[in-house]
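Quick notes on the structure that follows.
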Amino acid sequence: MIWVEQFLIKYPELAVFLAISIGYLIGGLKLGGFSLGPVTGSLFAGILIGQFADVPVAGMAKSFLFLLFLFGIGYSVGPQFLQALKRDGMKPVLLAVVVCVTGLLMSVIIAKLLGLDPGFAAGLLSGSLTESPAMGTATEAINALPLPEADRARLVAHIAVADAVCYVFGAVGVILFCSVVGPWLLGIDLVAEALKLEKEYGITRKAAGVSSAWHRFEIRAYQIADGAPVAGLSIAAAEAALPEHRLFIQRLRRAGTIIEAAPDVVIEPGDIVAVSGTREALVSVLGPRAEEIEDRELLDVPVSICDVLLTSPDLKGRSIADLATESWTRSLYLRTITRGSQDIPIAPGITVERGDILRLVGPEAVVSSAAKRIGVVVAPPAATDFLVLGLAIFLGGLVGVLVTFPIGDMRISLSTSVGTLLAGLVVGHLRTRFPLFGRIPDAAVSLMTSLGLAAFVAMTGLHAGPVFASAIAEAGIGLLFGGMIVTTVPMIVGLYFGRYVLGMNPILLLGGLAGAQTMTAGMAAVQDRSGSTVAVLGYTPAVPIGHILLTTWGTVIVGIVAG
């Protein structure tokens, strides 16, 4: 095995790619629905490879990849961050602040009680609170300490060791608490509460098979029979007869001639009308009442599907039901709402917010006109704006170096890591107001966040591998149990604070707890056990706050424990 050791030492860049590959393999393995995920998998893979070789890791390469990751995260959550602070999502935001602050306090208390050094303390925090980016900010803070190089390297290795020890329970603990323990403590039935909340928002669960039709929205042709209820009515009156179904007449054929729809056109017996609507409404409402006709020419209506970024201040905060009453939404259908990286359920009571991406379906002219009122059509950018990317990271890092705050007798800088994260937030927010500014393709952002963090963590694991066994012996079993406390206490505090101080709905509260811990799997577990996606409405306002605070805590805890 000597040749393997020599090869990995000679070609450390290949060792990193090997760790990433094995990390994704480990992270994809599931046990009872739980998996470590690629980031933690890469950490364990790096530690494993480090048992065979003391692979040299370049500090600049780690920093470069980590800054790319942080900018990508900030860029992704930026459109929703400031809106989360303003809208009625303030309750999940306050919940996230309380959970994150409690997590920091518990990490400091446990670190002091166990006598942990700054490296173990930072890993305790990042692993127990499942925020791997905190490892990066803590690494930067340790490297800034006035210590010999060997001591700093040892403390940085301790971060990875403690994170690996504490992460597994951190992740499993959040999942179980949000989906099992939390509902039990509140004494609620997740399914019943989800149904109640869905009813409040106007979300309707569709019959099996209907929602999975090939086309959700369709245009079909129907012949108007003698004595039909709509015969003799104007198109406007006919459409108003069933407002809850949003059925619209696009045009009609009369005596072989196609007539474009106008509000005052009167429907006559024998007309063939082209009606648009959801497949469910067309099948269940019009199907039994009218004879469907195949008329390809009549149905050949140009239909457009496009994504629109909501930037209009006049529309933010309005419900879907309210928007549906506007004259310009006639024949317009909403297929999806994406907020951050999560799909939001569509229902009459759901409100839209600045930064949401709305996928619209309807006649080409209607969609084009509506898009101008809503915001800007989101066309996938062909290239990354490297001018903005590079300058934003530079300026963010510069601010991070210049801004300092006192902790005891020390002054700790904001750090280039946190500065870069904030720069990403600013650029991400600005693109909601100036959509052509700082455009980065989604695939590029995904590569920055996925590969950037996985590679950084893999390098951290490679660095910690040779000292892993001795570090575990030094930290002792107390680190594991201390991590359990750091994971559990913030969840309990957040649960009761959210329920009895903020008065949050239980489902939104559990989603918010998962968001505060940035644990998407926790939200997914709530959705699975409740049989509803509605928990995402509590998750989305909380998760950007969790990312920002927990990442910053890496710097803070090093300063506190080292001070």
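Counting the residues of segment 356-372 that are outside any helix (DSSP H, G or I) and farther than 24 Å from ARG279 by Cβ gives 1. Just so you know, in segment 347-362 the residues that are open to solvent by less than 10 Å² (accessible area, probe 1.4 Å) and among the small types (Gly, Ala, Ser) include one that is nearest to the chain's Cα centre (by Cα), and it is GLY355. Comparison of LEU299, LEU310 shows that the only residue that is of a type in the set (A, V, I, L, M), touching a residue at least 40 places away in the same chain (Cβ under 8 Å) and farther than 17 Å from VAL367 by Cβ is LEU299. For ALA458, the requirement of being open to solvent by less than 50 Å² (accessible area, probe 1.4 Å), closer than 25 Å to GLY59 by Cα and out of contact with any helix residue (DSSP H, G or I) (no Cβ under 6 Å at 6 or more places or on another chain) is not met. When segment 47-66 is filtered for residues that are in a helix (DSSP H, G or I), within 12 Å of ILE9 (Cα to Cα) and at pLDDT below 85, only GLY50 remains. For segment 381-392, filtering for residues that are in a helix (DSSP H, G or I) and open to solvent by 30 Å² or more (accessible area, probe 1.4 Å) leaves 4. The set of residues in segment 273-285 being crowded, with 20+ Cβ neighbours inside 10 Å and either at pLDDT below 75 or not polar (S, T, N, Q) (or both) consists of VAL273, ALA274, VAL275, GLY277, LEU282.
Residues are listed down the side, and each one gets a yes or a no for (1) within 22 Å of ASP151 (Cα to Cα); (2) outside any helix (DSSP H, G or I); (3) open to solvent by 10 Å² or more (accessible area, probe 1.4 Å):
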position	(1), (2), (3)
LYS91	no, no, yes
VAL98	no, no, yes
VAL101	no, no, yes
LEU105	no, no, yes
VAL108	yes, no, yes
ALA111	yes, no, no
LEU116	yes, yes, yes
GLU131	no, yes, no
MET135	yes, no, no
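If we scan segment 464-476, do we find a residue that is modelled with pLDDT of 85 or more and open to solvent by less than 60 Å² (accessible area, probe 1.4 Å)? Within segment 464-476 (the criterion being modelled with pLDDT of 85 or more and open to solvent by less than 60 Å² (accessible area, probe 1.4 Å)), the answer is no, since none of the residues qualifies. Scanning segment 147-168 finds one or more residues that are open to solvent by 60 Å² or more (accessible area, probe 1.4 Å) and in contact (Cβ under 8 Å) with a residue 12 or more places away in the chain.
Taking segment 1-16 as the search range and keeping residues that are among the β-branched types (Val, Ile, Thr) and surrounded by 11 or more Cβ atoms within 10 Å (Cβ to Cβ), which one is farthest from GLY59 (Cα to Cα)?
Residue satisfying both the conditions and the ranking: VAL4.
Restricting attention to segment 537-546, the residues that are under 9 Å from the mean Cα position of the chain (by Cα) and among the β-branched types (Val, Ile, Thr) total 2.
The values are calculated or read from the model by the stated rules, or taken from the named source; none is laboratory data. Keep in mind that what you see is a predicted model, and the values were worked out from it rather than measured. A quick note on method: Cβ atoms are made from the backbone with ideal geometry, for glycine too, and the neighbour counts reach across all protein chains shown. These area figures cover heavy atoms from the full protein model, side chains too; ligands, DNA and RNA do not enter into them. Shrake-Rupley method; radii C 1.70, N 1.55, O 1.52, S 1.80 Å.
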